[in-house]
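Here the structure is laid out as structure tokens; the discussion comes afterwards.
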Amino acid sequence: MNRIVRSLVVLTSLLLPMDVSAQQKLTEFQSLIGDPGRGFTASQNLLDRSFAAHLHSGSKPLQLQELDALGAAYDPRSDTPYSAGMMYYHLAYPVSLLRKTETGGDEIIARMIEARIRWLAGDTEAARFQIEDLVTQFAAIGGTDDQMVSILADAAILAWRDGDVKVAQQYLTRAQTCGQPRCPTDFVFDWLGPNRRALKRPFEQYDPDGMRAAALAGTAMLVNAPDRLREEITLEANFVTGDWSRELSWALEVSGNADKARANDKKRVRLIADRMLDAHPMAGFLLGHASVAAEVDNLLTPQGNLSHDALLGRDVTYIGTSLWTSAIIGRWPILHDLYLGSDRPQDVIFAHVIKARLVMFDGDMERALGLLTAILADARAQGFSDAQLHSILMDQWAAAVLAKNTDIATQAKAAVQACLQTECKADIVQTVASRYFNLPSTVYPQGVAGLTQASADQFFRDVFPGDLLKLADLYSRGSTRSADLPLDDARDSVTGFEFAEQVAGLPMSDLIDRASKTMDALLTAGQYRQAVSIGDRTETRARDVLAESELTVSFQAKRARAASRLGDARAQEFYQAAVQGILEMQELDYSHQNLSDDLALDLLDTTFDTVLLALIEGLSDKDDIRARVEFRRGNMAQAADLYRAFRHRYELQVSGEDLQSYQFDSPQTYARDPKLRAMALQEAHYRNALGETQTADLLQALGTTPEWPGQWPDLDAPVPAHVLAHFKKTTTGFSGAMSHIRPAFEFRDRGNYQGAAAWMRDMAWVAQGAEQRGTYEDAQVLWQMAFTFARAGDTAIAFDLMDRAANIAARLSFEGAGEGTLQLLERDRWRYLLFVDIAWGAVSGTVPDQMLVVSRY
């Protein structure tokens, strides 16, 4: 007990004005304690989710046993997702700062935090001593019971659990004197405040090494078992910095032998499983809030009965939809494996539910029904109530309805009445699936793709043993072209294709189609070498079955793009085959028309001009592309004339008049349309190169107005408030920043480099807002703008924008971006070779027509 009996300073002596040093410590404390996802999350949950928070929340006063059952965030007996090390990592250093402010109130909060962390560590003797000492100290300086509600409620539970029922009841009676929920005069609730919010941005001076060191230094004075606490602190530090790939590997190993694992190891596995769920919040959302149980309000008839007919019309992730396939197959298996090794029985049940839902997702309701029935029988044998098993019973009812098993459907429908409401608080599946909501932020570890893939492969082999076509289809469905997870999408596609290659008797046309889709996913992920490999080995197999000319246009086009990105000498041959396939078609359907358009843009980024010209021969809507090709081949007069005809056709369209009555080159028409003005400036570039300066000047005048294009601002200057307000208003929801610049860079990709750059000058406000906001999409916006200026030879603006884009990307990488952002950074690593092109342009005075990078995947 001596380790916690300190020389206590009389609290009244601390109620003095703070000196400058103390004020500085308080400022740093406020920054750390308000740090979103770190100090704020830890302090809010430790102090707010308490036993005191339950008082007066019902129609009658709570008894001790009832209050004990409701639990608290710092109570190991409750279903808390926290560990003592997790909380102490985030709060040890802030508490040390709080003490240096030398005020009595802050000292009380510091001791409350320490006492609850001791409790969470299982050191209830020390926690009780400190809590009861706080009661005595607070009363000694005139504190009243309504100011000590949080302290008294904790003291009541600790005394009751020690068997001191009379003392516990006295504490509880005193805690209930306030008579109000979250008593506003209570010291802790008052310190938290009714509208406490996290800071808008992470604390810039955050030092994870310093936080860990401060926490580790205080362990010996805090608890009886400091070694375990140190392990938890180190684990939390790794979660914060993303350095937990080894822990994940270890957890999967322990979980695979859960029956032999120690209790503390299982707890550690559970903490890692929860953080894996936090790293993949969509997986938890799909398991909890997109389930049959979550749709209960929409499944009830006006009479309050479950409706069979309403079931199929609902948005349930794992029934009748493939919308979330990638998230399901990429995340559920590893969560299943981890939770099987948890120290909590409800987590193991949750793991089995994941497997059953995967079978429901596959459509085998009869098999899913058998799995769910077995899960329910086992859970009931362990003592779980129907209210706790609510989600599983709802799944059983749904599976029985779809399997047309009326007997089990009727039984399940009767059982769910125990908790038939949108949020059944006792429901263990919903509780586990929602744990991540209140966890400190987790930085996703790099280098774990192999672990997740191995976990998924083994899981699906166990669920669908020997069914290679089923596995191929499952992974192919998982490839949903997720914009945020391109590497996962590519990996799933390749896995599905490799399973398909092993299916005996699979038609060659099917394999070619799968290869084409797989190459497409790999191209999106920037994995060109693997895409070429898929194409080559598919062609090799095809030679034994059919002529190479029967390989699909899509297949040839995807392989051509991958080969071109790699500088493979066969790229022209592949493009030629794809173009020949397009030209031989009597009429292009929608998909092949899009493919033809993509081929034209691809070929414009190559030196295969003959192939490109053959593709767009006779297509007047591609005359801007043809003009660019002729211009770079030295046919400047032909390029300029082609472009004039192209411009006039669009001008007539914008004017809305007929050819006979319209007078071309009308300033009024050009004033109405920025794209038309950009066309005039593009043709001016061609005319200038041809030496027709007078015509070029006329076009230059036609393509500009007093306001357009605007002056490019100094991006280092403070951004005007109205610019930021406009950016925020117009880039929220589905209308992102990219939508504003897309017309300009799509115009650029058709060879209109100079016109697009002029158009992009009018988008300076987008660059200003994007840099301020600093998301990865914003970095990509800046990159596209930089590429546009680089294409036009404006190296100064291009380099400045590239530098800003790279700074955002680097910051996100170092600060611990989510897994999606890390995948996008990996995909786009080659894009930053644009720096080389810009530097070459600045040194040589010319920009290489074939740049090292291209803007399209």
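The values are calculated or read from the model by the stated rules, or taken from the named source; none is laboratory data. The structure presented is a predicted model; accordingly, all values stated were derived computationally and were not measured. As a convention, Cβ positions derive from the backbone with ideal geometry for all residues, glycine included, and neighbour counts pool all protein chains shown. Surface accessibility is based on the protein's heavy atoms, side chains included, excluding ligands, DNA and RNA. Shrake-Rupley method; radii C 1.70, N 1.55, O 1.52, S 1.80 Å.
So how long is each side of region 643-718 along the principal axes, counting just the alpha-carbon atoms, biggest first, in Å?
51, 30, 17
Please express the Cα-Cα pair-distance distribution P(r) of region 215-318 as a list of whole percents, one per 10 Å bin, running from 0 to the bin with the greatest distance.
Calculated over all Cα pairs of region 215-318, the distribution is 13, 28, 24, 16, 14, 6, 0 percent.
Step through the table entries Lys622/Lys675; Lys200/Lys728; Lys25/Lys729; Lys355/Lys413; Lys266/Lys355; Lys355/Lys425, compare each Cα-Cα distance with 27 Å, and write down the pairs that go over it.
Lys25/Lys729
Quick one: plug the Kirkwood hydrodynamic radius of region 95-197 (C-alpha pairs) into Stokes-Einstein at 25 °C, 0.890 mPa s, and report D in µm²/s.
Once the numbers are plugged in, D ends up at 175 µm²/s.
Quick check for me: using +1 on Lys/Arg Cβ and -1 on Asp/Glu Cβ, what's the dipole size of the chain about its Cα centre, in debye to the nearest 20?
The dipole magnitude comes to about 1380 debye.
Quick one: how many Å² of Asp209 are accessible to a 1.4 Å probe, rounded to 10?
Rounded to the nearest 10, the figure is 90 Å².
So for the pair Asp162, Asp378, with labels modelled 7 Å out along Cα→Cβ, what separation do we get in nm?
4.1
Starting from the Cα-Cα distance between Gln65 and Trp708, subtract it from 0.36 nm times their residue separation and give me the gain in nm to one decimal.
Additional length available on full extension: 224.1 nm.
Alpha carbon centre of region 369-434 versus region 663-677: separation in Å?
When both Cα centres are located, 66 Å separates them.
Rank these by accessible area, largest first, 1.4 Å probe: Lys200, Lys675, Lys558.
Lys200, Lys675, Lys558
Kirkwood-based Rg over Rh for region 653-787 (C-alpha set), two decimals?
On the Cα set of region 653-787, Rg over Rh gives 1.03.
Could you state the accessible area per residue of the chain in Å², with a 1.4 Å probe and every protein chain left in place?
Per-residue value: 43 Å².
Just the Kirkwood number for region 333-390, please: inverse of mean 1/r across all distinct Cα pairs, in Å, one decimal.
This gives a value of 11.7 Å.
Considering all alpha-carbon pairs of the chain, what whole percent are spaced by more than 41 angstrom?
50
Taking every pair of alpha-carbon atoms in region 550-636, give the share separated by more than 15 Å as a whole percent.
Everything past 15 Å amounts to 55 percent.
Would you be so kind as to identify which of Leu98, Asn238, Asn405 lies farthest towards the positive end of the dipole of the chain, taking Lys and Arg as +1 and Asp and Glu as -1 on Cβ and the Cα centre as origin?
Leu98
Could you compute the FRET efficiency for Ala414 and Ser57, with r as their C-beta to C-beta distance and R0 at 41 Å, rounded to 0.05?
The pair Ala414/Ser57 has a calculated efficiency of 0.85.
Just to be sure I understand the model, the point goes 7 Å from the Cα along the line to the Cβ. What's the resulting Gln586 to Gln205 distance in nm?
The modelled label-to-label distance comes out at 7.7 nm.
Hey, can you rank 130-142, 609-621 by average C-beta count inside 10 Å, highest first?
With the highest mean Cβ count within 10 Å placed first, the list reads 130-142, 609-621.
Ordering Phe129, Phe40, Phe51 by how much accessible area each has at a 1.4 Å probe, largest first, what is the list?
Greatest to least solvent exposure: Phe129, Phe40, Phe51.
Relative to the longest principal axis of the chain, what angle (0 to 90°, nearest 10) does the C-alpha long axis of helix 208-217 take?
So the helix axis and the longest Cα principal axis differ by about 20 degrees.
Can you compute 3J(HN,Hα) from phi for each residue in region 693-704, using the Karplus curve 6.51 cos²θ - 1.76 cosθ + 1.60 with θ = phi - 60°, rounded to whole Hz and x for Gly and Pro?
Calculated HN-Hα couplings, in order: 5, 5, 5, 4, 5, 4, 5, 4, 5, 5, x, 10 Hz.
List the relative contact order of the chain as a percent without decimals, with contacts defined as Cα pairs under 8 Å and 6+ residues apart.
Here the relative contact order equals 8 percent.
If one takes the longest principal axis of the Cα atoms in the chain, at what angle in degrees, from 0 to 90 and to the nearest 10, does the Cα axis of helix 226-241 lie?
Orientation of helix 226-241: about 20 degrees from the principal axis.
Rounded to the nearest 10 Å², what accessible area does Phe608 have for a 1.4 Å probe in the complete protein model?
30
Using a 1.4 Å probe and counting only protein heavy atoms, arrange Met365, Met87, Met282 so the residue with the most accessible area comes first.
Descending order: Met282, Met365, Met87.
Could you give the angle, 0 to 90 degrees to the nearest 10, between helix 721-730's Cα long axis and the longest principal axis of the Cα atoms of the chain?
90
Report the extension gain between Asp243 and Leu469 in nm, rounded to one decimal, defined as 0.36 nm multiplied by the number of residues separating them, less their alpha carbon distance.
77.7 nm
Distance from the Cα centre of region 721-764 to that of region 36-68, in angstrom?
49
Explain nothing, just the number: relative contact order of region 340-436, from Cα pairs under 8 Å at least 6 residues apart, as a whole percent.
29
Which value in deg cm²/dmol, rounded to the nearest 500, describes the helix-derived mean residue ellipticity at 222 nm for the chain, given -39,500 (n - 2.57) per DSSP H run of n ≥ 4 and division by the residue count?
-20000 deg cm²/dmol
How high is the relative contact order of region 601-753? Use alpha-carbon pairs under 8 Å, at least six apart in sequence, and give a whole percent.
Across region 601-753, relative contact order equals 21 percent.
Under 13 Å from a label point 7 Å along Cα→Cβ of Phe664: give me every residue in region 593-624 with its amide N that close.
Under 13 Å, as judged by backbone N against the label point of Phe664, lies no residue of region 593-624.
Can you give me the distance in nm between label points at His289 and Glu573, each placed 7 Å from the Cα along the Cα-to-Cβ direction?
Here the modelled spin labels are 5.4 nm apart.
In whole percent, and with a 1.4 Å probe on the protein chains, what portion of the accessible area of the chain is carbon and sulfur?
C and S fraction of accessible area: 51 percent.
Ignoring ligands and nucleic acids, what accessible area does Arg128 show with a 1.4 Å probe (Å², nearest 10)?
Using a 1.4 Å probe on the heavy atoms, I get roughly 30 Å².
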